[in-house]
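Working notes, beginning with the structure itself.
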Amino acid sequence: MKPTPAPTPDNASPDTKVEALVKRIALAIDKGLMPAGTRLRSVRDCADKEALSRNTVVEAYNRLIARGYAEARPGSGYFARKAPGHRTQAPAAHLSEAVDVVSLLREQLEQHYEVRVGDGRPPPSWMEGSELGRHLRGVRADTWSGLGHGYGTPWGYLPLRQTIARLLHERAIQADVRQVLLTQGANHALDLIVRQLLEPGDVVLVDSPGYYPLFGKLKLAKVTMVGVPRLPDGPDLQALQSLAQQHRPKVFFTQSLAHNPTGDSLSLAKAHRLLQLAAQHDFQIVEDDPFADLMPASAPRLSALDQLERVIYVSSFSKTLSAGLRVGFIAGPLPVINALCDLKMVTVVSTSDFVERVVCQLITSGQYRRHLTRLKARLDAAQRLSLPALEQAGLRLFSPYTGGYFVWAELPDGIAEIDLVRRAAAQGIFIAPGSVFYPDRQSARPSMRVNIAHANDERFLRLLRDGLTPA
């Protein structure tokens, strides 16, 4: 049985015509109208009947083969295959509950739930619907100019490193281009730093609550984590001083601005004192700044006060540009950066020269700046609606909103995190429970990280109104 033709406009592009034919044949196979083993029309016959060129038909058949819908039998033609399986089963219980680091990360990547209050990013439409999306669809041909077929330099695309050095200068961080190493996002940067600086049995300090993917990396490295309580203006320095005296840590991993997950930012006074404690107790600081481009250039940064002597600076374009464009960077003391570059070569050889060129083009063309203006406006509008709604629903916000995507919301007494998470999952709502963000998995009090871009969804607010009364 042959698929029923559907008209394709005569002026459609060649690729559009190919995809139209692919979709019609694939649909017929999915519906069982063309069982496995059915011979497809010959290229000549299909071209004549569909008023297409033979090249178009060949390309369509090749795509069907690549997608598992057809197979080529030399000398016999093209034949339908059993349609690829499309599973739509509900997420497993451990995923629904999102009560551990791996399950929370997996849900953010696979995205089973419709309401995504616990997500780490804003809605995709905020990116795709901006000037940025239109620009990406028409990346200029000169992006390819000079792009060879080798691995590229392990340091990363030089013009982008030069651009980053200029951006760092705007943040009062005086970094030479030789002090900038490109990575596949901030997570790759943190992975390199953990491997280079730490050995099994070493002790490090981390924010508590803090960035949960980092905790997984440290556990894999068999490093001992000690949590430093987070306050609304940054780390609890009295606790940090006591912990440093007791444990003699090698490194303190922290986020200074628009902290993930609490949303607070470090005060200038605390930044100065923290650097004094680092010098007194001889530990390094790794400052992760994923929302740098959403924050004022003059905001207090440890790297600016320290000028990359004791502080290693990590940032990324993944949170503000595109998670698919995996570009981040490390800036730090030259000997450390040299060693990290060697480690990068050993582990991944190099990063994508092409992707780095695209990011560089977006920045230097001004498209990224226009995109940030629109993103900031959306975040501002979202927080004006979301924050009062969260408080009216019965949540207590940990600190004033300072920028970025997150606020930390504490649950009323008598409400268990896991019960709320399960109730939300049953309604298709994804929540990030507070316990996941503690290195010892022990929340100070029941809480959750809330993404303000999703927080004003009426289904989530109804869940809170109905579910924040103790049983």
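The values are calculated or read from the model by the stated rules, or taken from the named source; none is laboratory data. Keep in mind the model is a prediction, meaning the values are calculated, not measured. When we count neighbours, we look across all protein chains shown, and the Cβ atoms used for this are built from the backbone with ideal geometry, even at glycine. These accessible areas exclude ligands, DNA and RNA; they are computed on the full protein's heavy atoms, side chains included. Shrake-Rupley method; radii C 1.70, N 1.55, O 1.52, S 1.80 Å.
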Per 10 Å bin, what is the whole-percent P(r) computed from every C-alpha pair distance within segment 191-318? 13, 49, 34, 4
If I ignore ligands, DNA and RNA and count only protein heavy atoms, how much of residue 59 is accessible to a 1.4 Å probe, in Å² to the nearest 10? 70
What FRET efficiency, computed as 1/(1 + (r/R0)^6) with R0 = 25 Å and r the Cβ-Cβ distance, is obtained for residue 465 and residue 445, rounded to the nearest 0.05? 0.75
How much FRET efficiency would the formula 1/(1 + (r/R0)^6) give for residue 282 and residue 364, where r is the Cβ-Cβ distance and R0 is 56 Å, rounded to 0.05? 0.90
Hey, what do the phi angles of segment 332-344 turn into as Karplus ³J(HN,Hα) couplings, whole Hz, using 6.51/-1.76/1.60 and θ = phi - 60°, x for Gly and Pro? x, x, 4, x, 5, 5, 4, 5, 5, 5, 4, 5, 4
Might you tell me the accessible area per residue for segment 389-467, computed with a 1.4 Å probe and given in Å²? 39
Cross-link list 222/344; 217/319; 217/250; 250/270; 23/319: which exceed 24 angstrom alpha carbon to alpha carbon? 23/319
With a 1.4 Å probe and every protein chain kept in, tell me what percent of the accessible surface of segment 204-286 is carbon plus sulfur. 51
Keeping every protein chain present and rolling a 1.4 Å probe, give me the accessible area per residue for segment 241-368 in Å². 32
If you roll a 1.4 angstrom probe over the protein chains with everything in place, what fraction of the accessible area of segment 403-471 belongs to carbon and sulfur, to the nearest %? 46
If Rh is defined by the Kirkwood formula over all Cα pairs and Rg also comes from Cα, what ratio Rg/Rh do you get for segment 290-378? 1.00
Heavy-atom surface of segment 151-212, accessible at 1.4 Å and reported per residue (Å²): 38
